[in-house]
1. Identify, please: which residue in region 237-274 is under 18 Å from I320 (Cβ atoms) and small (G, A, S) and is, among those, surrounded by the fewest Cβ atoms within 10 Å (Cβ to Cβ)?
2. What number goes with the only condition from (1) within 21 Å of N365 (Cβ to Cβ); (2) touching a Gly at 6+ places or on another chain (Cβ under 9 Å) that I81 does not pass?
3. Among the residues of region 336-352, are any open to solvent by 30 Å² or more (accessible area, probe 1.4 Å), β-branched (V, I, T), over 19 Å from S260 (Cβ atoms) and in contact with a Leu (Cβ under 9 Å, 6 or more places away or on another chain)?
4. Which count do you get for residues in region 358-382 that are of a type in the set (V, I, T), open to solvent by less than 60 Å² (accessible area, probe 1.4 Å) and touching a helix residue (DSSP H, G or I) at 6+ places or on another chain (Cβ under 8 Å)?
5. Going through L53, L70 one at a time, which residue ends up being assigned to a helix (DSSP H, G or I), touching a Phe, Trp or Tyr at 6+ places or on another chain (Cβ under 9 Å) and either charged (D, E, K, R) or surrounded by 23 or more Cβ atoms within 10 Å (Cβ to Cβ) (or both)?
6. Sort out which residues of region 143-177 are under 26 Å from the mean Cα position of the chain (by Cα) and either of a type in the set (G, A, S) or part of a helix (DSSP H, G or I) (or both), and write them in order of number.
7. What tally of residues in region 323-352 results from selecting those that are within 27 Å of I278 (Cα to Cα) and of a type in the set (S, T, Y)?
8. Looking for something among the β-branched types (V, I, T), under 23 Å from the mean Cα position of the chain (by Cα) and assigned to a helix (DSSP H, G or I) - is there at least one such residue anywhere in region 241-256?
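The values are calculated or read from the model by the stated rules, or taken from the named source; none is laboratory data. Predicted model, so just to flag it, every value in this text is computed and none were measured. Here the Cβ positions follow ideal geometry from the backbone for every residue, glycine too, while neighbour counts run over all protein chains shown. Please note that ligands, DNA and RNA were not included when accessible areas were found on the heavy atoms of the full protein model with its side chains. Shrake-Rupley method; radii C 1.70, N 1.55, O 1.52, S 1.80 Å.
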Amino acid sequence: MLASYSRCWAEIDTQAISHNVKEVQKLIGQTKIMGIVKANAYGHGDIECARALVECGIDYFGVSSVDEALRLRQAGICENILILGYTPEEHFHYLHEENIVQSLISYSYAQCLNDYAKEKKVKIRTHCKVDTGMCRTGIIYQDQEKNLDEIVSEYQMSNLQVEGIFSHFPVSDDLSKENKDFTSHQIELFHEVIVALKEKGIDPGIRHIQNSYGILNYGDLGFDYCRPGLLYMGVTSDDSIPIESQPDFIPILSLYANVSLVKWIHPGQSVSYGRHYIASKPVKVATISIGYADGLPRLVSNQNLEVLVNGVRCPLIGNICMDQCMVDVTNVDSVHQGDIVCIIGTQNGERVTVDQISRLAHTINNETLSCITARVPRLEKR
């Protein structure tokens, strides 16, 4: 991949990360931040974001896999790294070799990891995952089934160094009474586990449960860490969702592409695969060098998604292709090959957001941003 401000590229404003971290800290008081950089930092560049977060004083990172943890280690990130997901047994050795913390996704998984560590005569750093309502990973501790004995047993395993305990919110973004009550009960259950461990003489270690919307809607819950992902990147999952706070975030990612060709088409001529757009009048069409293989979802084709061409809002027309798409630039006075088109970001005082793409694709910003592919270079904001 050639790292160039041409064809298509994303610009990352790493300076804005510091601002966004301060906005998060206003909401959480003394709670520390675990920077979530999984999935290439939601498409923003894991190494670049991690380095910027270290400069902000962040000392813990969350990733989804051992591969992601190793990328950070190889880039010189020495801070704590927690793998939130599954590490296969064949890769257990990286955990102690690279000083990586593994989440215990189930009791049987903890037993397997402990057996490995005992055989190798090592201690492996871990966090106990408690399932208070997500029903994804972790030992179930819900009203229907409270497996406290398994949680206690994990802490007592001879070759696991259980340094923390955590859970996860599935509906902290929803302010309906039903889902606020559900989240509040999760917090109660999490507290209940922590108290039970202390009563048995067990130090639970660092405690963390809040994801991004858990931070926005529940503030300082008095735990040790919280886990923002998109927040320090300056966006939420969906800007139309009401929240309990009013942070002043700065989006750190902008997405651009070049104009590769400009031509006029006549009434009756069609644009792109499927002939879903047929001109009813003369139209000036610009082909731009970005497509669904770069992460611009084909699903938003023919829905009047607007991009900025020389600061003018222009709709995409026809189906988005793998590497290119077409834009109606009839209302732009002067457009030439090489001109910069803004797909996400600000140009000449006009702004287009990732939210408009996500909304037309019927998804959330987490997915849209994570799907910006590896062939799109992430470059420092100019």
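1. Across region 237-274, the extreme among qualifying residues is G274.
2. Condition (1) is where I81 drops out.
3. Yes: one or more hits.
4. 4
5. Every option except L53 fails the conditions.
6. Within region 143-177, G164, S167, S172, S176 meet the criteria.
7. 2
8. No: region 241-256 contains no residue that is among the β-branched types (V, I, T), under 23 Å from the mean Cα position of the chain (by Cα) and assigned to a helix (DSSP H, G or I).
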